[in-house]
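The values are calculated or read from the model by the stated rules, or taken from the named source; none is laboratory data. In this text, all values refer to a predicted model and were calculated from it rather than measured experimentally. Virtual Cβ from ideal backbone geometry, glycine too; neighbours counted across all protein chains shown. The accessibility values were calculated without ligands, DNA or RNA, using every heavy atom of the protein model including side chains. Shrake-Rupley method; radii C 1.70, N 1.55, O 1.52, S 1.80 Å.
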Amino acid sequence: MNLPQPDPATIHAWYDLRVRLGDEDHYAHVNNAVYYEYFDSAVNGWLAENLPGVRALPALSLVVASSCRFVREVRFPDCLRVGIAVERLGRSSVTYRPAIFLLGAGEELTLCAYGEFVHVYVDPETRRPVPIPAEVRAVLEPSAADDAEELVAAARKIFT
């Protein structure tokens with residue numbers, strides 16, 4: 001996975017979570033699989049906050065791909081801030097770049113994990129891809145990283 005580390009300044013949406021005691025494993029840190037739950041909770045929680053009636057939409061969003069790069073351990077009872085960037089908005093799919101930060105004193109953010117999370121919208125009965133519902137697209141478009149100037153600026157930060 002060759003994803004660049006996220007820059008909090010380029011993230012358009014945020015969702016706060018707290019590490020639960022049950023999230024820890026035998027080694028007293030959050031198990032790697034739980035990070036995917038954090039991605040899922042953040043993306044879907046953010047959508048639900050911005051789209052009342054998300055469960056009544058004519059299409060379902062299914063996760064078809066995900067990946068995670070671990071940077072730092074988190075533990076109970078850490079407070080986390082999950083950044084949600086919309087990387088690509090297609091006809092029936094959306095690619096998110098979630099990033100999990102430890103929320104410290106004074107709102108200081110320390111990167112803990114980041115990755116990719118892909119939703120494909122499907123018909124609830126046939127499970128075949130369908131266009132992203134207009135209501136969802138209206139929420140996603142303002143956060144989509146499709147502005148060429150913004151992408152060039154982000155690339156310069158990464159490669160210089």
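Under 6 Å between Cβ atoms, which residue pairs at least 6 apart in sequence (or on different chains) link something in region 74-86 that is touching a residue at least 60 places away in the same chain (Cβ under 8 Å) with a partner that is among the charged types (D, E, K, R) and in a strand (DSSP E or B)?
Cβ pairs passing all conditions: 79/18; 81/16; 85/97.
Conditions: (1) farther than 23 Å from residue 135 by Cα; (2) in contact (Cβ under 8 Å) with a residue 40 or more places away in the chain; (3) open to solvent by 80 Å² or more (accessible area, probe 1.4 Å); (4) not basic (Lys, Arg). Residue 6 meets all but one. Number of the miss?
Against the list (1) farther than 23 Å from residue 135 by Cα; (2) in contact (Cβ under 8 Å) with a residue 40 or more places away in the chain; (3) open to solvent by 80 Å² or more (accessible area, probe 1.4 Å); (4) not basic (Lys, Arg), residue 6 comes up short only on (3).
Which of the residues that make up region 77-109 are of a type outside the set (D, E, K, R), closer than 19 Å to residue 144 by Cβ and either part of a strand (DSSP E or B) or in contact with a Lys or Arg (Cβ under 6 Å, 6 or more places away or on another chain) (or both)?
As a first pass, look at region 77-109 and keep what is of a type outside the set (D, E, K, R): 77, 79-80, 82-86, 89-90, 92-96, 98-106, 109.
Filter again for closer than 19 Å to residue 144 by Cβ, leaving 82-86, 89-90, 92-96, 98-99.
Correct list: 82, 83, 84, 85, 86, 89, 93, 94, 95, 96, 98, 99.
I'm told residue 113 meets every condition in (1) surrounded by fewer than 17 Cβ atoms within 10 Å (Cβ to Cβ); (2) within 19 Å of residue 18 (Cβ to Cβ) except one. Can you identify the failing condition by its number?
The one condition residue 113 does not meet is (1).
How many residues does region 1-35 contain that are touching a strand residue (DSSP E or B) at 6+ places or on another chain (Cβ under 8 Å), closer than 27 Å to residue 138 by Cβ and either among the charged types (D, E, K, R) or assigned to a helix (DSSP H, G or I) (or both)?
3
If you check residue 74 against the conditions, is it assigned to a strand (DSSP E or B), aliphatic (A, V, I, L, M) and more than 26 Å from residue 125 (Cα to Cα)?
On the way: assigned to a strand (DSSP E or B): no; aliphatic (A, V, I, L, M): yes; more than 26 Å from residue 125 (Cα to Cα): yes.
Judged against the criteria, residue 74 is not a match.
Could you go through region 54-66 and let me know if any residue there is under 22 Å from residue 139 (Cβ atoms), without any contact (Cβ under 8 Å) to a residue 40 or more places away in the chain and open to solvent by 70 Å² or more (accessible area, probe 1.4 Å).
yes
Could you check how many residues of region 88-125 are within 23 Å of residue 4 (Cβ to Cβ), touching a Ser or Thr at 6+ places or on another chain (Cβ under 9 Å) and aliphatic (A, V, I, L, M)?
5
Any chance region 119-135 includes a residue that's surrounded by 13 or more Cβ atoms within 10 Å (Cβ to Cβ) and part of a helix (DSSP H, G or I)?
Checking region 119-135: at least one residue is surrounded by 13 or more Cβ atoms within 10 Å (Cβ to Cβ) and part of a helix (DSSP H, G or I).
What are the residues in region 17-71 that are among the β-branched types (Val, Ile, Thr), closer than 14 Å to residue 117 by Cα and out of contact with any helix residue (DSSP H, G or I) (no Cβ under 9 Å at 6 or more places or on another chain), if any?
Those that are among the β-branched types (Val, Ile, Thr), closer than 14 Å to residue 117 by Cα and out of contact with any helix residue (DSSP H, G or I) (no Cβ under 9 Å at 6 or more places or on another chain): 43, 64.
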